[in-house]
Amino acid sequence: MQNQGIVILGAGKVAQQLYLQFLRSGIEVSTIWARNLSKATIALGTAPVCNQLSELPTDAHLYIICVSDGAIAEVAAQLPIEIRMKRLVVHTSGATPMSVLAQSCKHFGVFYPLQTFSASSKPDWTQIPICVHANSDDLLQRLQHLASRIAKHIYVINDEQRLALHVAAVFVNNFSNYLFHIGATICETEGVSFDILKPLIAETIEKLKYQLPKSAQTGPAIRNDVVTIARHEDFLSKYPTDFQAAYQLLTNGIKSMKE
Ligand SMILES: NC(=O)c1ccc[n+]([C@@H]2O[C@H](COP(=O)([O-])OP(=O)(O)OC[C@H]3O[C@@H](n4cnc5c(N)ncnc54)[C@H](OP(=O)(O)O)[C@@H]3O)[C@@H](O)[C@H]2O)c1
C-alpha cells in the first residue's frame, strides 16, 4: 500500500474512534475534515483538522467518509476532482448502498465497523467485525489489508447483506437498549436499584454463546401464563403507553415463536 496517510471526513463518534484506532495501530491519519472546526477540535484534541474540502491533501491512499448517512453523497460530490477520479473513497454506513459514491467517485467502497460507538466508549477492536466492499478486487484487497491492521474479523459483505446485518443490529442493539431503558425507568420509578437486574442482563447475553435465542427464551409469554401477563399489563397501566404497547407487541411476538 502507498503511504500518504488516510483522510477522515466527519468528526463524530465513528470518526473519533477510527482516528484513535488508526493512531494506536501506527497508521497515519493526515487530515480530519469537519464542517464545524471548533466542535471537531474539542472532540479530537491535537488531531490535524481542517474545515475546507478544497484544502484536503489529494494524495492520501484512502478517504473515509464518516458523516451522517444522508450527507454521504453530498460530501463525496464536493471532494476535489483529483480525489474523486484517482483516490479510493469509502463510507462507514451499514444501511447505505455503496452506489451512493458511484455518482461522484471512480474508486469507491465501504468500510463498515459493526459495533455501537459512543464518543466516551473504549471499544475492543479485536472483537469488532469490519465489513468491507469495493468496486474492484484490487480495491477490496486494499481495504481488507487495512482492516486487518486494526481488527481481527474482516468480512467481505455486499450491499444487501450489509443492510440485512444493519437491520438485525438495530434489533439486537438499538431495540434491546431501549428495553433496558424501560427496565431502568420502571426500577427508578418504583425505588429499586437497576443494578439488581444486571446479573440477569449479563446472563441473557452469556447464554447466546452456546444457545440460539429461540431455545433460550423464558418468561410468561413463552409459557402462555395469562394470569401473570394480565398482572403485568395492569401494573403498566400507569406507565407511558409506549411501554404498554412494547409489552403487548413483544408478548405476541414471543407467543408466536412457539408456532
Ligand atoms: N455510531 C455508530 O455506532 C456507528 C457504527 C457503525 C457505523 N456508523 C456509521 O458511521 C457514520 C457516522 O456515524 P456517527 O455515529 O459517527 O455519527 P455522528 O456521531 O452523529 O457524527 C456525524 C458527523 O457527520 C457530520 N455531518 C452531518 N451532516 C453533515 C453534512 N450535511 N455535511 C457535512 N458533515 C455532516 C457531523 O457534523 P456536525 O458535528 O457538525 O453535525 C458529524 O461530524 C454513519 O454513516 C453511520 O451510519 C455509525
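Every read-out reported here was derived from the displayed coordinates using simple, explicitly stated rules and does not represent laboratory data. Bear in mind the structure is a predicted one, so any value in this text is a computation, not a measurement. Glycine gets a Cβ as well: all are built from the backbone with ideal geometry, and neighbour counts include every protein chain shown.
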> Does any residue of the range 184-195 turn out to be in contact (Cβ under 8 Å) with a residue 24 or more places away in the chain, more than 23 Å from G12 (Cα to Cα), surrounded by 12 or more Cβ atoms within 10 Å (Cβ to Cβ) and more than 12 Å from the ligand (Cβ to nearest atom)?
Replying inline: yes
> Just checking, how many residues over the range 181-218 are touching a helix residue (DSSP H, G or I) at 6+ places or on another chain (Cβ under 7 Å) and under 20 Å from L249 (Cα atoms)?
Replying inline: 6
> Pick from the range 46-78 the residues that are aliphatic (A, V, I, L, M) and either over 19 Å from L88 (Cβ atoms) or more than 15 Å from the ligand (Cβ to nearest atom) (or both): which of them is nearest to the chain's Cα centre (by Cα)?
Replying inline: A71
> Does S93 satisfy the condition of being under 20 Å from P129 (Cα atoms), within 9 Å of the ligand (Cβ to nearest atom) and touching a Lys or Arg at 6+ places or on another chain (Cβ under 9 Å)?
Replying inline: yes
>> Just to confirm my filter: which helices (runs of 4 or more DSSP H) fall fully inside the range 170-233 and include at least 1 residues that are more than 29 Å from the chain's Cα centre (by Cα)?
In response: 176-190, 220-223
> Can you name the number of the only condition in (1) out of contact with any Cys (no Cβ under 9 Å at 6 or more places or on another chain); (2) under 26 Å from F117 (Cα atoms); (3) charged (D, E, K, R) that R162 fails?
Replying inline: (1)
>> Restricting to the range 143-166, name every residue that is aliphatic (A, V, I, L, M) and touching a residue at least 12 places away in the same chain (Cβ under 8 Å).
In response: L143, L146, A147, I150, A151, I154, V156, I157, L163, L165
> Of the residues that sit in the range 106-134 and are more than 10 Å from the ligand (Cβ to nearest atom) and surrounded by fewer than 18 Cβ atoms within 10 Å (Cβ to Cβ), which one is farthest from the chain's Cα centre (by Cα)?
Replying inline: K106
>> Given the condition closer than 27 Å to I130 by Cβ, part of a helix (DSSP H, G or I) and basic (K, R), answer yes or no: does some residue in the range 155-166 qualify?
In response: yes
